[in-house]
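Undergrad: Take this structure first; my questions come after.
The values are calculated or read from the model by the stated rules, or taken from the named source; none is laboratory data. Computed from a predicted structure; not experimentally measured. Using ideal geometry, Cβ is built from the backbone for each residue, glycine included, and neighbour counts are taken over all protein chains shown. What goes into the accessible areas is simple: the full protein's heavy atoms, side chains included, and nothing from ligands, DNA or RNA. Shrake-Rupley method; radii C 1.70, N 1.55, O 1.52, S 1.80 Å.
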Amino acid sequence: QVQLVESGGGLVQPGGSLRLSCAASGSIFSIVVMGWYRQAPGNERELVAVITRGGSTNYADSVKGRFTISSDYAKNPVYLQMNSMKPEDTAVYYCYAHVVGVATMKGADYWGQGTQVTVSS
């Protein structure tokens with residue numbers, strides 16, 4: 001079993017910054033990709049940013065130039081630095097990981113419990 005634990009959400013004013021972090025633990029053989037999705041009320045869950053073990057990144061157009069994802073896979077945590085935040089960034093942010101488990105040696109998707117991010121004055 002694999003667990004993802006998130007931290008760093010909260011309330012921030014427009015133009016402000018927050019940093020989210022997520023650590024994976026459990027029976028992990030390797031982490032293939034980690035990242036963040038978000039879901040605002042009434043909307044579907046959407047990709048924010050992901051990073052592969054090789055360091056390749058992919059961002060939603062709406063956050064390019066403002067958000068930065070980083071990770072040291074050797075040490076596990078993945079970080080999302082969010083700058084120049086806007087009210088439309090308000091959502092529950094979910095950590096995501098595609099992990100190869102020790103027991104199965106097969107990849108599977110895992111999700112964190114979610115952390116609330118609110119951008120408001």
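Undergrad: At a probe size of 1.4 Å, how large is the accessible area of ARG66, to the nearest 10 Å²?
TA: The accessible area comes out at roughly 30 Å².
Undergrad: From largest accessible area down, sort LYS86, LYS64, LYS106; use a 1.4 Å probe on the protein chains.
TA: If we order LYS86, LYS64, LYS106 from most to least accessible, we get LYS106, LYS64, LYS86.
Undergrad: Among VAL48, MET82, SER27, flag the residue with its Cα farthest along the positive direction of the charge dipole of the chain, charges on Cβ as +1 for Lys/Arg and -1 for Asp/Glu.
TA: SER27
Undergrad: Further, regarding this structure: Treat each spin label as a single point 7 Å out from the Cα along the C-beta direction, and report the SER30 to ASN43 distance in nm.
TA: About 3.4 nm separates the two model spin labels.
Undergrad: Next up: Give the dimensionless ratio obtained when the Cα radius of gyration of segment 7-61 is divided by 2.2 N^0.38 Å.
TA: Compactness ratio reported: 1.36.
Undergrad: By how many nm would the segment from GLN1 to ARG66 lengthen if fully extended, with 0.36 nm per residue of separation less the alpha-carbon distance?
TA: Once the chain is fully extended between GLN1 and ARG66, it gains 20.0 nm.
Undergrad: Roughly speaking, to the nearest percent, how much of the chain's 1.4 Å accessible area is carbon and sulfur?
TA: Of all accessible area on the chain, carbon and sulfur atoms account for 49 percent.
Undergrad: All other residues with a Cβ under 12 Å from the Cβ of LEU20 taken together, and with Lys, Arg as +1 and Asp, Glu as -1, what is their net charge?
TA: Once positives and negatives cancel, what remains is 0.
Undergrad: From the backbone phi of segment 83-93, what are the Karplus-calculated ³J(HN,Hα) couplings (6.51 cos²θ - 1.76 cosθ + 1.60, θ = phi - 60°) in whole Hz, Gly and Pro given as x?
TA: Listing the rounded values in order: 10, 6, 6, 10, x, 6, 7, 4, 4, 8, 9 Hz.
Undergrad: OK, next. Compute the accessible area per residue over the chain, keeping the other protein chains in place, probe 1.4 Å, unit Å².
TA: Value for the chain: 52 Å² per residue.
Undergrad: Could you grab the relative contact order for the chain? Cα pairs under 8 Å, six or more apart, rounded to a whole percent.
TA: 37 percent
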